[in-house]
Amino acid sequence: MRQSTALFLLMLIPIASWSCSGESASPDTSRADGATSKAGKDGSAGEIPPSNLDVAPPQDAAPSPTDGAHDGASPADDGMNAGDTEISDSQPDEPGSGDASPEDISPADTGSGDAPTDASTSSDLTQPDSATPDAQPQDAGPPDSATPDASLGDSCGPLDKNPAWQVCERRPGFCGVVFTDKAGCQAVCAAAGLKCARVFENQDNACAKDTTRPELSCDPPTGHGSDYCECAPSGTCKPSCVGKVCGADGCGGSCGSCPAGQQCNTGQCGAPPGENEDCSKYPFKASTLLAERVGFGRNTTGGDPGKIYRVSSLGDSGKGTLRDALESSEPWWIVFDAEGEIRINFDKPISIKSNKTVDGRGRKIHVRNAQFKIDPGTRNLIFSDFEASFIDPKDNVGDLFSLRSTGGPNPEDYPTRNIWFHHLDLHHAGDGLIDVRGGSNITISWNHFHDHTKLMLHTKTTDDKASPGMRITYHHNWFEKITRRAPQFAYGLADFFNNWHQHWYEYGAASIDDAQFLSENNIYEAREGTVCLKPCPDPNPHGGGNDFTVSKKAVVNDWAPDKTVGFVKSVGDRLLNDAKVTVHQPEKVFNRQTYYQAQVDPADDRLKETLRTRTGPRADYCKK
């Protein structure tokens, strides 16, 4: 809203509603419990207590409309598209959808056993990804025990009639169901006209299988009072190893075995649950880092743990420097013998080659002025546990990380893929922090993003074509007082769960150009109040001008007016201080379980505190 419009609106507000204090907060209805606690300006955990005012402090308000080059003009406050539903914190949250069945996790992060963990088992391949196209990994498909037959329709209907049977997952010709009456999986599946394909222990108090315990057998029956059954079509068994590197194929065969010292969980090899880091040795174990992979980037392997590059110099270039390691063709696993600030020549970007891991665990590393270039054809990269920023960022000049690639409708169409950004602290850049113009199979996890205007533009390919094959997972990130684009996502599939969006200035995230945006169990905490008596500057670098309104737009789907809208599904999101999520045709948004499983934590105060204290680099790794 421009200043003249804002002043006109202010004239319409009754004088009695203003206060000289200039400070207010909106009530926090945060789900149904109504619990409130103090949240300070320093980003500490907790909600804002209710107030009798509705006026924001001058320093916290939305700036003027965006630059328009990529974002377009800000939509009108009431401008919604046909079929949109706006969810706010005055409405009850949608209950869990079952999109995210918990999987076994390996607690590589330190912390209390009750706190959510970012360690999830996945494949622990130690060899670098081949740079040849014929070795490109395929997009993970359904983790079915048998390939569904779409002609069968919904076979699970008969199971719904038995109150002791609960269907957790249903697809054509496939049912995942928990029984609690000692019926056994053979009988349960037969009632649906299917056969028992796989049996697991069921999780307590959840409609999900427990993959932390060994898989059971269909025949002979287990005799248990309750189990989780996977029912597949009768007749010829169709084995499936899509998305798996180990475990059963659903028909009595095997998808492969794991190397010594690793364990198969949900079709992936990884560190055994509960494995402890050997803090007496450095570098730390590669397996404990790789066990934390989740999402579309879960098959990223990075460098070869057998080829260690030790950064011994904090210089820009030369032997023993970070640049030397990243620009090498060798599949380095990069660790740090030197700690401190690494200053890079801003006019000489770092051009990263494929098959690299930057492992900064247990070290304090701050890379200044580096433009990390990930050019077309570069893939299989892991960036973990370090800080990066510009010293004197110029408006729209330079991304911290820029990914470029051609693409198409499928992830394998992207030469740039399999990239993982993990436990990073990114802030103060000229343009984007992580910009993706063509790329797929990417995970962005456990990062702290702050003090920045345009965080992440994930859009068309480098040849200016649509990117429907883009797949990105964003989980357990803390977005603190950013302006916009966290992310702005177009065309592909975005899985956004367990993030904390705190005090944005224009909007939190955007789904445009037919993107499918799945938002689950996130905390969206708008700034308090609605308007400012004095101009409200955006404090972020190059954040724009002043305004008099406080944005409540947590997730939008029409931010760029020259673009088509995106699809948005919201499940279990927690909306604070009148935050709003625009839901649009949620039935068109993908199902996570079609691609992978993930542990999704409740959007409660414990999640907020976990993200506040454990996102960003773990310089104290193995030092507690």
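May I ask you to list the residues in the range 344-363 that are in contact with a strand residue (DSSP E or B) (Cβ under 7 Å, 6 or more places away or on another chain) and charged (D, E, K, R)?
The answer is Lys356, Asp359, Arg361, Arg363.
So Ala370 passes all but one of these: (1) closer than 18 Å to Ser313 by Cβ; (2) open to solvent by less than 20 Å² (accessible area, probe 1.4 Å); (3) not in a loop (DSSP other than H, G, I, E, B). Which condition number does it fail?
All conditions are met except number (3).
Can you name the residue in the range 379-396 that is of a type in the set (Asp, Glu) and at pLDDT 95 or above and, of all such residues, is most open to solvent (accessible area, probe 1.4 Å)?
Glu387
Would you pick out the residues in the range 596-617 that are surrounded by fewer than 22 Cβ atoms within 10 Å (Cβ to Cβ) and touching a Lys or Arg at 6+ places or on another chain (Cβ under 8 Å)?
Asp604, the sole residue that qualifies.
Just name the residue that is most open to solvent (accessible area, probe 1.4 Å) out of those in the range 148-162 that are closer than 9 Å to Phe174 by Cβ and either in a helix (DSSP H, G or I) or at pLDDT below 90 (or both). Let's see the steps before the verdict.
Initial filter on the range 148-162 (closer than 9 Å to Phe174 by Cβ): 148-149, 152, 155-156.
Now restrict to residues that are either in a helix (DSSP H, G or I) or at pLDDT below 90 (or both): 148-149, 152, 155.
Working: Pro148: 44, Asp149: 51, Leu152: 78, Ser155: 17 Å².
The extreme case among them is Leu152.
Which condition does Asn410 not pass, out of (1) under 23 Å from the mean Cα position of the chain (by Cα); (2) touching a residue at least 40 places away in the same chain (Cβ under 8 Å); (3) open to solvent by less than 10 Å² (accessible area, probe 1.4 Å); (4) more than 16 Å from Arg323 (Cβ to Cβ), if it passes all the others?
With respect to (1) under 23 Å from the mean Cα position of the chain (by Cα); (2) touching a residue at least 40 places away in the same chain (Cβ under 8 Å); (3) open to solvent by less than 10 Å² (accessible area, probe 1.4 Å); (4) more than 16 Å from Arg323 (Cβ to Cβ), Asn410 is out only on (3).
Given the options Phe336, Phe346, name the one that is out of contact with any helix residue (DSSP H, G or I) (no Cβ under 8 Å at 6 or more places or on another chain) and either aliphatic (A, V, I, L, M) or open to solvent by less than 10 Å² (accessible area, probe 1.4 Å) (or both).
Phe336
Does the range 465-477 include one or more residues that are part of a loop (DSSP other than H, G, I, E, B), in contact with a strand residue (DSSP E or B) (Cβ under 6 Å, 6 or more places away or on another chain) and of a type in the set (Lys, Arg)? Outline the logic, then answer.
Step one: of the range 465-477, the residues part of a loop (DSSP other than H, G, I, E, B) are 465-470, 476-477.
Okay, now just the ones that are also in contact with a strand residue (DSSP E or B) (Cβ under 6 Å, 6 or more places away or on another chain), so 469-470, 476.
Within this subset, residues satisfying the condition of being of a type in the set (Lys, Arg) are none.
No.
Hey, among Arg368, Arg343, which residue is over 26 Å from the mean Cα position of the chain (by Cα) and touching a residue at least 24 places away in the same chain (Cβ under 8 Å)?
Every option except Arg343 fails the conditions.
Looking only at residues in the range 568-581 that are surrounded by 24 or more Cβ atoms within 10 Å (Cβ to Cβ) and more than 19 Å from the chain's Cα centre (by Cα), which one is nearest to Ile87 (Cα to Cα)?
My answer is Ala579.
Just checking, does the range 487-495 include any residue being on the phi > 0 side of the Ramachandran plot and open to solvent by 10 Å² or more (accessible area, probe 1.4 Å)?
yes
Which number in (1) part of a strand (DSSP E or B); (2) modelled with pLDDT under 95; (3) within 15 Å of His501 (Cα to Cα) marks the one condition that Ile444 misses?
Result: Ile444 passes all but (2).
Can you find a residue in the range 580-601 that is among the aliphatic types (A, V, I, L, M) and in a strand (DSSP E or B)?
Scanning the range 580-601 turns up at least one residue that is among the aliphatic types (A, V, I, L, M) and in a strand (DSSP E or B).
Within the range 170-182, take every residue that is surrounded by 21 or more Cβ atoms within 10 Å (Cβ to Cβ) and at pLDDT below 95 and give me the one that is nearest to the chain's Cα centre (by Cα).
Initial filter on the range 170-182 (surrounded by 21 or more Cβ atoms within 10 Å (Cβ to Cβ)): 173-179.
Next, only the ones that are at pLDDT below 95 stay: 173-176.
Working: Gly173: 30, Phe174: 28, Cys175: 27, Gly176: 25 Å.
Filtering first and then ranking leaves Gly176.
Could you please find all residues in the range 289-322 being over 24 Å from Trp446 (Cβ atoms) and in contact (Cβ under 8 Å) with a residue 40 or more places away in the chain?
Narrowing the range 289-322 to residues over 24 Å from Trp446 (Cβ atoms): 306-307, 310, 312-321.
Of everything in the range 289-322, just one residue is over 24 Å from Trp446 (Cβ atoms) and in contact (Cβ under 8 Å) with a residue 40 or more places away in the chain, namely Gly306.
Can you spot a residue in the range 430-439 that is among the hydrophobic types (A, V, I, L, M, F, W, C), over 22 Å from His503 (Cβ atoms), at pLDDT below 95 and open to solvent by less than 10 Å² (accessible area, probe 1.4 Å)?
Yes, there is a match, as at least one residue in the range 430-439 is among the hydrophobic types (A, V, I, L, M, F, W, C), over 22 Å from His503 (Cβ atoms), at pLDDT below 95 and open to solvent by less than 10 Å² (accessible area, probe 1.4 Å).
Can you tell me which condition Ala232 does not meet? The list is (1) in a loop (DSSP other than H, G, I, E, B); (2) over 30 Å from the mean Cα position of the chain (by Cα); (3) at pLDDT 85 or above, and all the others hold.
Condition (1) is where Ala232 drops out.
Looking at this structure, is Asp514 among the acidic types (Asp, Glu), at pLDDT below 90 and surrounded by fewer than 24 Cβ atoms within 10 Å (Cβ to Cβ)?
no
The values are calculated or read from the model by the stated rules, or taken from the named source; none is laboratory data. The structure presented is a predicted model; accordingly, all values stated were derived computationally and were not measured. All Cβ positions, even for glycine, are placed from backbone atoms using ideal geometry, and neighbour counts span all protein chains on display. Surface accessibility is based on the protein's heavy atoms, side chains included, excluding ligands, DNA and RNA. Shrake-Rupley method; radii C 1.70, N 1.55, O 1.52, S 1.80 Å.
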